[in-house]
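Quick notes on the structure that follows.
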Amino acid sequence: MGTKSKTHQIEIQFCTQCGWLPRASWMMQEILTTFQDEILSVTLTPMSGGIFEIFLDKEKIYSRSEFGGFLDIKDIKKLIRDKISPERNLGHTHV
C-alpha cells in the first residue's frame, strides 16, 4: 500500500474543558495506524468551548457540533479515506 506519498496533514482540535484529550489521542492513533503511508502528521490542538473538529490539509472534514455528536472511528476513517485514497479498502469497517 506504499504507493502514496506522505503529504497529508491532519489536525484534531479538541476541547480541554470537556475532557476530550483521551478521545483525540485515540483518534490520532487510529488515523496514523490506518493511513501510515499517506499521513505526514497528525496534530492535536487544545481548544475550549466544546470544539471537536478534524481538518485534513486545512479543510474541515468533521465537526462534532455540525454532525450532531461524535462519529464512530470507522466513519471518521471513511471521511479521510474518501479524500485521500478513495480506492482504498478499509478492511474491517466494510466501507
* Expressed as an acute angle from 0 to 90° and rounded to the nearest 10, what is the orientation of the C-alpha long axis of helix 21-34 relative to the principal long axis of the chain? -> 10
* To do: Tally up the carbon and sulfur contribution to the accessible surface of the chain as a whole percent, 1.4 Å probe, everything protein left in place.
  => 50
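Taking the Cα centre as origin and putting +1 on Lys and Arg beta-carbons and -1 on Asp and Glu beta-carbons, what dipole magnitude results for the chain, to the nearest 20 debye?
80
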* Structure fact -> For region 43-60, Karplus-derived ³J(HN,Hα) couplings (6.51, -1.76, 1.60; θ = phi - 60°; whole Hz; x for glycine and proline) come out as 10, 9, 10, x, 9, 9, x, x, 6, 8, 9, 10, 10, 10, 6, 6, 9, 5
* Asked: Ignoring ligands, DNA and RNA, what accessible area per residue does the chain give at 1.4 Å, in Å²?
  -> 57
* **Accessible-area ranking of Thr33, Thr45, largest first, probe 1.4 Å** => Thr33, Thr45
* To do: Only loop residues by DSSP count here, and only those with at most 14 other Cβ atoms within 10 Å; note down the trypsin sites (Lys or Arg not before Pro) in region 38-92 that meet that.
  => Lys58
* Structure fact -> Dividing the mean separation of Cα pairs under 8 Å (6+ apart) by the residue count of the chain yields a relative contact order in percent of 30
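Counting other Cβ atoms within 10 Å, keep those with at most 15, restrict to DSSP loop, and tell me which GluC sites (Glu not before Pro) in the chain are left.
Numbers: sites: Glu11, Glu30, Glu38, Glu53, Glu59, Glu66, Glu87; in loops: Glu38, Glu87.
Counting only loop positions with at most 15 other Cβ atoms within 10 Å, the GluC sites (Glu not before Pro) in the chain are Glu87.
The values are calculated or read from the model by the stated rules, or taken from the named source; none is laboratory data. As the structure is a computational prediction, the values presented were derived from the model and not from experiment. Because the Cβ atoms are built from the backbone with ideal geometry, glycine has one as well, and the counts that use them run over all protein chains shown. For the accessible areas, the whole protein counts, side chains as well, though only heavy atoms, and no ligand, DNA or RNA atoms are used. Shrake-Rupley method; radii C 1.70, N 1.55, O 1.52, S 1.80 Å.
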